Amino acid sequence: MTIKSVDEFIQNIKKKTKSLYDKQVEKASNTELYYVVCAIVKEEIEKDWSKTNREYQEQQPKQVYYLSMEFLIGRLLESNLINMGMREVCNEALKKLNFTPKEIYEEEPDPGLGNGGLGRLAACFLDSLATLSYPGHGFGIRYQYGMFEQRFINGYQTELPDYWLKDPYPWGTRNEQAATEVKFGGTVRMLELDDGSIEIKHEYTDNVLAVPYNVPIVGYENEIVNTLCLWKAESPLSPKERNYQELLSNEQLERDHSIDQISGMLYPNDSDDEGKMLRIRQQYFLVASSLAKIVTDFKENNRLSLHHLPEKVVIQINDTHPSLAIPEMMRMLMDEEGFGWDEAWEITTNVFAYTNHTTLHEALEKWPVHMIETLLPRIHMIINEINERFCQHLWHNHPELRDKIPDLAVIAYGQVHMAHLAIVGSFSVNGVANLHTEILKNQEMKNFYHLYPDRFNNKTNGITHRRWLLMANPELADLITEKIGNQWIDRPRELTNLLRCTEDSAFLDKLAKVKKNNKQKLANYIHETTGITVDEHSIFDVQIKRLHEYKRQLLNIFHVIYLYNELKANPNLDIVPRTFIFGAKAAPSYYFAKEVIKLINTVASIINHDPEIKDKIKVIFLENYNTSLAEKIIPAADVSEQISTAGKEASGTGNMKLMMNGALTVGTLDGANIEMKDQVEDPNIFIFGLREEEVSDYHRNQSYNAKEIYQTDERITEIMDELRDGVFGQDVEFKDIYYHLLSTNDPYFILKDFQSYVETHQQVDQNYRNQAIWLPKTVINIAHSGKFSSDRTIQEYASGIWKIEKQVK
Ligand code: 26W
């Protein structure tokens with residue numbers, strides 16, 4: 001039973017404030033109140049958590065474990081309140097006590113334990129797993145420093161450390177009893193025993209203690225609480241043991257430092273594998289500790305031989321980052337459990353499933369063999385054996401692929417190809433949107449698809465509508481419920497019931513009002529944080545995502561510059577005022593991406609301070625884009641920019657969040673945009689630009705000529721020359737953008753797609769002017785967004801890949 005009345009909640013707050021801080025609630029600060037409310041909610045959660053764990057132990061269902069180097073869970077207090085059915089009573093209680101609920105919720109640090117899409121997807125999946133009553137848990141790393149905090153100094157990105165743990169984090173429970181040791185380095189000896197069997201001795205290792213911190217994952221009003229287990233690396237020596245040793249010897253200090261590094265910080269990079277050694281250590285740390293726990297739990301709960309592991313356990317690996325789990329499982333089964341190779345391989349390949357999230361070549365992980373050999377000598381031997389057997393298999397059974405063996409091998413040219421390891425060692429390989437999966441099957445992983453046609457499948461991404469609509473946009477959620485009832489919360493497809501309201505003018509008016517309020521709130525935030533005033537009647541045109549060339553923020557700012565040039569030539573130009581809003585972090589070492597940030601900031605400050613254009617356009621680049629900032633921006637967006645070069649964005653998930661909040665998409669036929677278009681159909685989405693086949697053809701035939709477009713399209717000539725000639729400042733960097741685009745022949749087709757992009761935005765302008773046209777389109781988008789709930793995605797994983805069952809009450 002949760003707390004159902006406001007009075008009861010108030011009493012609880014009073015009691016807790018007294019016991020935690022020995023004060024009257026009137027005297028408590030927002031921070032103190034935050035901890036008080038967390039403590040109350042956590043006590044309620046804990047009852048369900050123990051019950052869920054007990055049920056799993058007794059009923060022994062098959063469990064899914066989601067292994068991921070990243071979990072971008074966002075703030076948890078408000079979403080936990082919602083899922084526990086306590087948000088309303090809590091809000092009322094806080095208000096009665098003269099606190100502002102939002103302010104209390106914003107006391108929570110936003111754990112930035114992920115880079116972007118992949119990490120946020122993992123968090124949405126956990127939410128849906130728990131809500132759909134599936135036994136499914138996450139394993140990740142409790143980085144001391146999450147994604148860096150971004151600040152702009154003179155328009156440049158600078159990175160500050162994000163020490164999100166400086167105050168106690170209320171949601172993670174340390175469980176020392178379940179700590180486990182992970183071994184690095186050392187030497188491996190093979191001993192032949194009397195019975196002819198072989199014993200592996202792994203000696204002189206550097207051991208690291210992995211301590212789990214468990215975060216509850218609360219299902220929506222269903223009393224299920226699953227677990228996200230985040231590992232922290234510590235020294236395996238107890239403080240007492242350390243005292244005996246020569247404390248603070250240099251060697252000891254160095255060892256401590258290198259242990260701290262393992263769960264020290266998240267790699268702020270989502271495309272390049274820099275800092276390889278540490279990254280491998282982090283990856284192995286995650287998989288070794290998680291598998292140890294999975295196998296221990298399996299034995300405890302099931303009392304079955306490990307032959308039965310695949311009946312009770314399935315492990316999804318989130319991109320290749322945790323793919324060392326495959327050789328690690330082999331190691332455990334052979335070295336610790338005494339299985340032979342074939343048996344161990346049979347078990348392993350029936351446990352793992354792999355999701356691919358990108359086809360960008362620079363993002364495909366390859367580790368130098370010598371690094372794996374030094375850091376993980378036993379794992380190296382096993383990967384070698386996997387490779388050896390796989391290549392033998394190809395040679396003997398697939399003569400048609402003989403000349404392709406070096407392209408398919410797990411180890412080639414001194415590198416371990418992690419994607420190949422993941423494909424060979426898994427029973428399922430999935431892409432994250434239809435087009436992406438087709439590209440994997442027919443291009444990037446063509447030969448593997450030929451080998452294992454049944455392994456490949458698609459699971460189009462999704463987002464949790466509870467966080468991204470119910471929590472982030474309560475006014476819209478209430479309006480929807482007022483109109484079609486609240487069943488959409490459990491069954492998001494029922495949002496299609498809104499389709500009958502496209503001509504309901506009272507409803508459309510209310511919808512417009514909700515959007516306007518959300519825009520006003522964002523405008524206030526923009527004013528507070530940047531000092532710039534934006535008009536809530538202008539079109540809020542939003543691009544929020546990591547900064548990457550393929551995502552083409554540059555195309556967006558080219559459009560802005562074009563409009564600015566037009567306005568300068570004709571200040572009376574009749575356009576609907578627009579506010580262009582950006583949010584994006586660049587990897588600290590991604591030079592070109594950082595130049596684009598500087599360019600956007602520079603253009604913004606010129607435009608925002610130019611009285612001649614009469615506030616017709618504004619450009620706002622909000623600092624430090626993260627989950628909680630997304631929750632502020634998305635409900636206020638009119639236009640959603642999803643403009644990647646076709647074929648490059650695996651799926652996108654921001655596109656879905658924006659659609660669900662009534663923004664209209666300006667997008668290429670890429671990733672999940674295509675499936676969004678299938679749902680809403682033209683003209684309820686603004687599609688422009690090259691299609692994937694056209695992009696491929698240009699590449700294949702080398703028939704694209706960027707210079708020609710630069711010379712023939714006057715608008716582009718003007719923009720490019722402005723960059724070259726220092727019109728936006730004398731800084732050399734904008735010249736670099738000019739030269740880069742021309743000297744690389746514009747590999748992302750920015751110049752090529754410019755024309756159709758501009759035309760599409762002219763349509764947007766025309767549509768927006770006539771709200772009788774615009775508003776029904778937003779309704780249609782919201783109505784069809786139910787397909788993109790992660791509940792649907794998880795349902796498909798559960799029945800298609802995992803073969804797991806819902807817990808029944
Ligand atoms: C080497 C470091 C590294 C780290 C992260 C390489 C690659 C990644 C990820 C694969 C990047 C990522 O987040 N990919 C995004 O995954 C989303 C969820 O599936 C998709 O919606 C995005 O299209 C995809 O870019």
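The values are calculated or read from the model by the stated rules, or taken from the named source; none is laboratory data. It should be emphasised that the depicted structure is a prediction, and the values quoted were computed from it without experimental measurement. Here Cβ is always computed from backbone atoms with ideal geometry, including for glycine, and neighbour counts include all displayed protein chains. The area values use the complete protein model at the heavy-atom level, side chains included, leaving out ligands, DNA and RNA. Shrake-Rupley method; radii C 1.70, N 1.55, O 1.52, S 1.80 Å.
For segment 745-780, the candidate set comprises residues that are farther than 23 Å from GLU692 by Cβ and in contact with a helix residue (DSSP H, G or I) (Cβ under 6 Å, 6 or more places away or on another chain); within that set, the residue that is surrounded by the fewest Cβ atoms within 10 Å (Cβ to Cβ) is ILE773.
Taking each residue of segment 64-90 that is without any contact (Cβ under 8 Å) to a residue 40 or more places away in the chain and looking for partners that are open to solvent by less than 10 Å² (accessible area, probe 1.4 Å) and among the basic types (Lys, Arg) with beta-carbon atoms closer than 6 Å, six or more apart or interchain, yields nothing. The numbered conditions (1) part of a helix (DSSP H, G or I); (2) within 31 Å of the chain's Cα centre (by Cα) are all true for GLN755 except (2).
Among the residues making up segment 95-115, those that are open to solvent by 20 Å² or more (accessible area, probe 1.4 Å) and either within 14 Å of the ligand (Cβ to nearest atom) or part of a loop (DSSP other than H, G, I, E, B) (or both) are LEU97, ASN98, PHE99, THR100, GLU106, GLU107, PRO109, ASP110. Can you work out which of the residues in segment 334-367 that are among the hydroxyl-bearing types (Ser, Thr, Tyr) and more than 16 Å from the ligand (Cβ to nearest atom) is surrounded by the fewest Cβ atoms within 10 Å (Cβ to Cβ)? For segment 334-367, the residue satisfying everything is THR349. Flag set for GLU438, criterion: modelled with pLDDT of 95 or more, outside any loop (DSSP other than H, G, I, E, B), over 26 Å from ASP127 (Cβ atoms) and among the charged types (D, E, K, R). Against the test of being free of Cβ contacts under 8 Å to residues at least 60 places away in the same chain and either within 15 Å of the ligand (Cβ to nearest atom) or touching a strand residue (DSSP E or B) at 6+ places or on another chain (Cβ under 9 Å) (or both), the options LYS648, LYS677 yield a single qualifying residue, LYS677.
Scanning segment 736-794 for residues that are within 21 Å of LYS551 (Cβ to Cβ), in contact with a Lys or Arg (Cβ under 9 Å, 6 or more places away or on another chain) and among the polar types (S, T, N, Q) turns up ASN745, GLN755. Set side by side, the residues HIS370, HIS393 differ, and just one is open to solvent by 50 Å² or more (accessible area, probe 1.4 Å) and closer than 24 Å to ASN207 by Cβ, which is HIS370.
Among the residues making up segment 653-676, those that are assigned to a loop (DSSP other than H, G, I, E, B) and open to solvent by 10 Å² or more (accessible area, probe 1.4 Å) are THR653, LEU669. Take ASP297 and decide whether it is more than 16 Å from the ligand (Cβ to nearest atom), under 13 Å from ILE382 (Cβ atoms), modelled with pLDDT of 95 or more and surrounded by fewer than 19 Cβ atoms within 10 Å (Cβ to Cβ). No; evaluated as a whole, the condition is false for this residue. ASN447 satisfies every condition listed in (1) open to solvent by 10 Å² or more (accessible area, probe 1.4 Å); (2) in contact (Cβ under 8 Å) with a residue 12 or more places away in the chain; (3) away from the ligand (no atom under 15 Å from the Cβ); (4) within 13 Å of ALA353 (Cα to Cα) except (4).
Within the span defined as segment 540-549, one or more residues are closer than 24 Å to GLN730 by Cβ and outside any helix (DSSP H, G or I). Report whether or not GLU528 is touching a residue at least 60 places away in the same chain (Cβ under 8 Å), within 29 Å of PHE148 (Cβ to Cβ) and acidic (Asp, Glu). No. If you check TYR284, TYR267, which single one turns out to be closer than 30 Å to ASN115 by Cβ, surrounded by fewer than 22 Cβ atoms within 10 Å (Cβ to Cβ) and within 16 Å of the ligand (Cβ to nearest atom)? Result: TYR267 is the single residue among TYR284, TYR267 that is closer than 30 Å to ASN115 by Cβ, surrounded by fewer than 22 Cβ atoms within 10 Å (Cβ to Cβ) and within 16 Å of the ligand (Cβ to nearest atom). Of the residues VAL429, VAL416, which is over 30 Å from ASN655 (Cβ atoms), outside any helix (DSSP H, G or I) and either of a type in the set (A, V, I, L, M) or at pLDDT 95 or above (or both)? Of VAL429, VAL416, the one residue that is over 30 Å from ASN655 (Cβ atoms), outside any helix (DSSP H, G or I) and either of a type in the set (A, V, I, L, M) or at pLDDT 95 or above (or both) is VAL416. Is it the case that LEU547 is over 30 Å from ALA586 (Cα atoms) and not basic (Lys, Arg)? In short, no. Determine, yes or no, whether LYS14 is more than 19 Å from VAL215 (Cβ to Cβ), out of contact with any Gly (no Cβ under 7 Å at 6 or more places or on another chain) and surrounded by fewer than 19 Cβ atoms within 10 Å (Cβ to Cβ). For LYS14, the condition - more than 19 Å from VAL215 (Cβ to Cβ), out of contact with any Gly (no Cβ under 7 Å at 6 or more places or on another chain) and surrounded by fewer than 19 Cβ atoms within 10 Å (Cβ to Cβ) - is met. Among the residues of segment 56-80, the ones that are in a helix (DSSP H, G or I), surrounded by 16 or more Cβ atoms within 10 Å (Cβ to Cβ) and not hydrophobic (A, V, I, L, M, F, W, C) come to 4 in all. Report yes if some residue within segment 429-439 is more than 16 Å from the ligand (Cβ to nearest atom) and buried (at least 24 other Cβ atoms within 10 Å of the Cβ); otherwise report no. No - not one qualifying residue is present in segment 429-439.
Within segment 131-162, the set of residues being within 30 Å of ASP48 (Cβ to Cβ) and of a type in the set (Phe, Trp, Tyr) comprises TYR134, PHE139, TYR143. Filtering segment 507-524 to residues that are open to solvent by less than 60 Å² (accessible area, probe 1.4 Å) and either of a type in the set (Lys, Arg) or within 15 Å of LYS618 (Cα to Cα) (or both) leaves LYS515, LYS519, LEU522, ALA523. Of the helices (runs of 4 or more DSSP H) entirely within segment 445-522, those holding at least 2 residues that are farther than 28 Å from ILE539 by Cβ occupy 446-451, 487-490.
Among what's in segment 619-645 and is part of a strand (DSSP E or B) and within 16 Å of the ligand (Cβ to nearest atom), pick the residue that is surrounded by the fewest Cβ atoms within 10 Å (Cβ to Cβ). Once the filter is applied, the top-ranked residue is GLN642.
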